[in-house]
1. Of the residues that make up the stretch 163-172, is at least one open to solvent by 20 Å² or more (accessible area, probe 1.4 Å) and within 30 Å of ASN687 (Cβ to Cβ)?
2. Does the stretch 250-280 hold any residues that are open to solvent by less than 40 Å² (accessible area, probe 1.4 Å), among the aliphatic types (A, V, I, L, M) and either in contact with an Asp or Glu (Cβ under 7 Å, 6 or more places away or on another chain) or under 16 Å from ARG320 (Cβ atoms) (or both), and which are they?
3. Return a yes/no flag: does the stretch 444-459 have any residue that is closer than 30 Å to VAL26 by Cβ and over 23 Å from the mean Cα position of the chain (by Cα).
4. Conditions first: (1) open to solvent by less than 50 Å² (accessible area, probe 1.4 Å); (2) touching a helix residue (DSSP H, G or I) at 6+ places or on another chain (Cβ under 6 Å). TYR291 passes all but one, so which condition is the exception?
5. Please work out which residue is nearest to ALA631 (Cα to Cα), limiting yourself to the stretch 673-684 and to residues that are touching a Lys or Arg at 6+ places or on another chain (Cβ under 6 Å) and surrounded by fewer than 19 Cβ atoms within 10 Å (Cβ to Cβ).
6. Within the set of pairs 6 or more residues apart or between chains, which connect a residue that is under 12 Å from GLU213 (Cα atoms) and open to solvent by 10 Å² or more (accessible area, probe 1.4 Å) inside the stretch 176-189 to a residue that is part of a helix (DSSP H, G or I) and not small (Gly, Ala, Ser) with Cβ atoms less than 8 Å apart?
7. Can you name the helices (runs of 4 or more DSSP H) wholly within the stretch 507-579 that have at least 1 residues being out of contact with any Cys (no Cβ under 8 Å at 6 or more places or on another chain), open to solvent by less than 40 Å² (accessible area, probe 1.4 Å) and acidic (Asp, Glu)?
8. State whether one or more residues within the stretch 395-402 are surrounded by 22 or more Cβ atoms within 10 Å (Cβ to Cβ) and out of contact with any Ser or Thr (no Cβ under 6 Å at 6 or more places or on another chain).
Amino acid sequence: MNRNDPLPLRVLGACPHDCPDTCSLVTLVENGMAIKVQGNPAHPQTGGVLCAKVSRYAERTYHPERVLFPLKRTGLKGSGQFERVSWSAALDDIAAKLHAIANRGPGSAQSIQPYSYAGTMGLVQGESMAARFFNQLGAAQLDRTICSSAGSEGLVQTLGGKVGMRVAFFAEAKLILIWGSNSIASNLHFWRYAQEAKRNGAKLICIDPRRTETAEKCHEHIALLPGTDAALAFGLMHELIRNNWLDHDYLERFTLGWPSLRDRALLWPVERAAQVCGIEAAQIQSLARDYGQCFVDKQAAAIRLNYGMQRVRGGGNAVRAIASLPALTGAWRHRAGGVLLSASGSFPVNRAALQRPDLLAGKPSRTVNMSTIGDDLLRPASPDFGPAIEALLVYNSNPVAVAPESGKVVQGFEREDLFTVVLEHFKTDTADYADYILPATTQLEHWDVHGAYGHTDVLLNRPAITPLGEAKPNTQIFRELAQRMAALAGDESADGGGGFAAPCFADDDETLCRAAFDGHVDFEALLANGFATLNLPEAPFAQGGFPTPSGKCEFFSARLAQQGLDGLPDYLENYEALAGFDKSTSNSTARSGAYPLAMISPPARNFLNSSFVNVTSLRDIEGEPVLEINASDATPRGIESGQVVRVFNLRGSYRCKAVVSHRARPGVVNGLGIWWRKLGLDGTNVNQLTSQRLTDLGRGPTFYDCLVEVAGE
């Protein structure tokens, strides 16, 4: 470009992916083409910096394998064989099939199942027009649990909502516990604040079974066994009590249930906690000393908690225990003290205006848990379950790759009598089983508005380019389906009509963006700047004021007790607990049980769940699916780095390359995910081995509650 060429157009947007950072984007556009996506330097949280994944968003948008036209299946399910069809033909056929199912009799629409999650975190392209469509139809509801529901419920029961400290204030803390988070890979902008605190003398401690990139950069790493986080929290509480590192005034005025929690914590001397966690007692004592000393010195101690640690049987209780810790020492008195798991509860989102649950009123409905979709697709009709699932509409998700016990998920998707529609950018594992693939727009091609869960700014996404090919926003696809459903039903015209002809099905995307916050956020500021910061207190719980029924930090939850559950947090052993684990015995073959190794499946650094797996530059960095295994577990099995191994349990078998690595602690293997199945060595991925069992709270999946054996080939 010479000096006389016009500067590229700069379009403000938002990263749509499932990450705490929710970055503000600037897309540079020349001649109608996005030439670069970069971080918005004017947004304090983004600071002009993007992760390696999203910095390649233009490569993803213009990927040569992108689906740009409606496709209809021509081969067997799973074969990936399709032919191009027109939008009119595809939508006419889809609407006819849904109409026929929904009008078979009372409640028959419950046989139609939506399946979606966080392929986009946008409030508009996520659950706005889609929710209106399914509510009007009377389709089954979806319990969206697959990522965070256990931890979210634990937070709600303790703090009253998905709330916490402001992320920027971590820079002022003197102690930061990074608990269950590989922040360098999955929370990059928090890591910037942590590094600032470190330069100012703060101590950073990482608590994670895996020696992640983050753990290597911290002062200390506590490599506990998966699913033992609550035991560690109780051991920490025991030491705080024993040494009287307690803010008695805060406990008296701003907490509920302290005497009972104290009694429970006193059952957890460090020796017991250390045995359960598979670590040394001295590590727990040192951790408690560091945490307690902040109270003594009137300095801020902060906990950055993330969702990895709640993907086990006792995940909800573990979050409850950890979220209780700041109240013991009065850490909430400091704006740089407390805990942050999710800030999403701070956003005044008007979900009712977006999703219109009133459209469902009077219609029979059931709710299916997305984490048990493998079993549910195979269930026959029954009085307990209701009608069998006959139609499945998937958007913003790739369940064949990401749902647990994927062998059963595949069996369900293979059903010839299951009518499946997938809205997608690419031919994913799930799209291969579709009857129709409908091309969806990427974030560069549509309007959307976003909250966040790692900070407290609202972001607006403007379309930077015209949709490629014949791609359409999710919202437009459901609008056009609604029009066809209205015609099939003979609904009245939109002028005062009802049913699928109701005016709400004509709302455009900018209207939906404006409705999302119902005047609580300055939309003109969003248009001008791309973001707007919520007006929130700096130290929200310095004087109590928790959004719980009592207004206090609730160590004891009457709401849980009324459900017949334990009102106090507790340690719950994994469903699949290591039998007879002894931290002094490094050789896992000395431990009993057919499956003597615990397996966790954290994301590969350059993927985000199953997104970006097909971006060539990122997949080239990752190389291939791997299993990290400690030398003490590899040597007795005759396993060497680079060797193909079989990882197996009663649910299935998965082949991948072994990496003998210090990143895996003894007794635990790390199956990095989530690779598309079709890119694996034998057409599977790590979820072939995971379980459909659910967590203690929140009905979430237990991906990291999984025992396996590993054998070389």
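1. No, every residue in the stretch 163-172 fails to be open to solvent by 20 Å² or more (accessible area, probe 1.4 Å) and within 30 Å of ASN687 (Cβ to Cβ).
2. LEU261, ALA265, VAL270, ALA274
3. yes
4. (2)
5. Result: LEU681.
6. That search, which allows pairs on different chains as well, returns ASN182/GLU213; ASN182/THR214; ILE184/TRP191; ILE184/GLU213; ILE184/THR214; ILE184/LYS217; ALA185/GLU213; ALA185/THR214.
7. 509-515
8. No, that holds for no residue.
The values are calculated or read from the model by the stated rules, or taken from the named source; none is laboratory data. On a predicted model such as this, the values are computed, not experimentally measured, just so you know. When we count neighbours, we look across all protein chains shown, and the Cβ atoms used for this are built from the backbone with ideal geometry, even at glycine. The protein model used for the area step is the full one, side chains on, heavy atoms only, and it has no ligands, DNA or RNA in it. Shrake-Rupley method; radii C 1.70, N 1.55, O 1.52, S 1.80 Å.
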